[in-house]
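I have placed the structure first, in the form of structure tokens, so that the comments after it can refer back to it.
The values are calculated or read from the model by the stated rules, or taken from the named source; none is laboratory data. No experiment lies behind these values; they were computed from the predicted model shown. Here the Cβ positions follow ideal geometry from the backbone for every residue, glycine too, while neighbour counts run over all protein chains shown.
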Amino acid sequence: MQAESVHLVLTDPPYFLDGLDAHWKKGRPKKATGTIGGLPIGMKFDRRQSQSLQRFIEPVAAELLRILKPGGFALIFSAPRLYHRMAVAVENAGFEIRDQYVWHYTRKAQFKAFSMDHFVRKNPKYSASEKQAVLTELAGRKTPQLRPQFESILCAQKPRHGTFVENWLEHGTGLIDAAQTLSGQAPATVMAAEKDPKDKYNCHLTPKPLRLCEHLIRLFTRPQQWVLDPFLGSGTTCLAAQQADRHSIGIEINPDYLQIAEKRLAAETCQLPI
């Protein structure tokens, strides 16, 4: 892509879901499962995962820096426990970290904490009476995973040319439209939006709310500007850009998701994913 050709990046990179292995290699999408043994590796905790995320994101962020106009923003969704590495990777690429936003949702999500009871009962080193004593001591306690109700959004900015005003007059970037609202009040760092119901053919595990993405696009761009999503998934960013009267480019490597995005965008006039 041409340097300094995009006004906004809005994206949701993969972070250990639906078939990603420990080296960030992508498989075909898999259905979520409630059994810990069958969980994708990304839902198991290993601090090396966040380190490999940083290595994965840094060259991507360098390309985003190149193609964004000066003062342009990159808004990147992230799992809360991986946000710090995402931010470091983007900062290392040359972006300025401007803020952290929170996408808040209340619709019931999977409570991933699980009990220790079955491990105790199957452990051969305990006698029957010892097992009961251990279970009594545990008192039903579970692993430290609360029911999720938010995701982080990294707000990073490419360095400006000159002052805010000078940059805006030259590139049309670097400032927000503070009249935009998601809640009826001034735009805030906590953004409440429920997850959208999915079409039956949409097997993507983590599509973001169309309303939220449209709000972010309207907040950080003006009509007819260009929005890029380098991890398009099921196509939400392009749909949101179309509704906001912006141009969009979507890039998606997974053929299954590509078909879903194309199906969702079939009736739209925005550019199809590549």
| task | Return only the number of the condition from (1) exposed (fewer than 14 other Cβ atoms within 10 Å of the Cβ); (2) part of a helix (DSSP H, G or I); (3) aliphatic (A, V, I, L, M) that Ala113 does not satisfy. | result | (2)
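Suppose the filter is at pLDDT 95 or above, crowded, with 16+ Cβ neighbours inside 10 Å and of a type in the set (A, V, I, L, M); does Ile97 pass it?
No, not satisfied.
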| message | Among the residues of segment 150-166, what is the count of those that are surrounded by fewer than 19 Cβ atoms within 10 Å (Cβ to Cβ) and under 14 Å from the mean Cα position of the chain (by Cα)? | response | 1
| Top-ranked residue of segment 213-260 - restricted to ones that are within 21 Å of Ile176 (Cβ to Cβ) and of a type in the set (Phe, Trp, Tyr), ranked as surrounded by the most Cβ atoms within 10 Å (Cβ to Cβ) | Phe220
| query | modelled with pLDDT under 90 and closer than 30 Å to Arg85 by Cα: does that describe Gln157? | reply | no
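Rundown of residues vs (1) assigned to a loop (DSSP other than H, G, I, E, B); (2) farther than 17 Å from Leu10 by Cα, yes/no style:
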| site | (1), (2) |
| --- | --- |
| Ala156 | no, no |
| Gly162 | yes, yes |
| Glu170 | no, yes |
| Ser183 | yes, yes |
| Glu194 | yes, yes |
| Residue list for segment 116-130, filter: surrounded by 10 or more Cβ atoms within 10 Å (Cβ to Cβ) and either touching a Gly at 6+ places or on another chain (Cβ under 7 Å) or in a loop (DSSP other than H, G, I, E, B) (or both) | Met116, Asn123, Tyr126
| field | Lone unmet requirement of (1) surrounded by 12 or more Cβ atoms within 10 Å (Cβ to Cβ); (2) within 33 Å of the chain's Cα centre (by Cα) for Thr143 | value | (1)
| task | Just need a number here: residues in segment 87-106 that are of a type in the set (Ser, Thr, Tyr) and within 12 Å of Phe77 (Cα to Cα). | result | 1
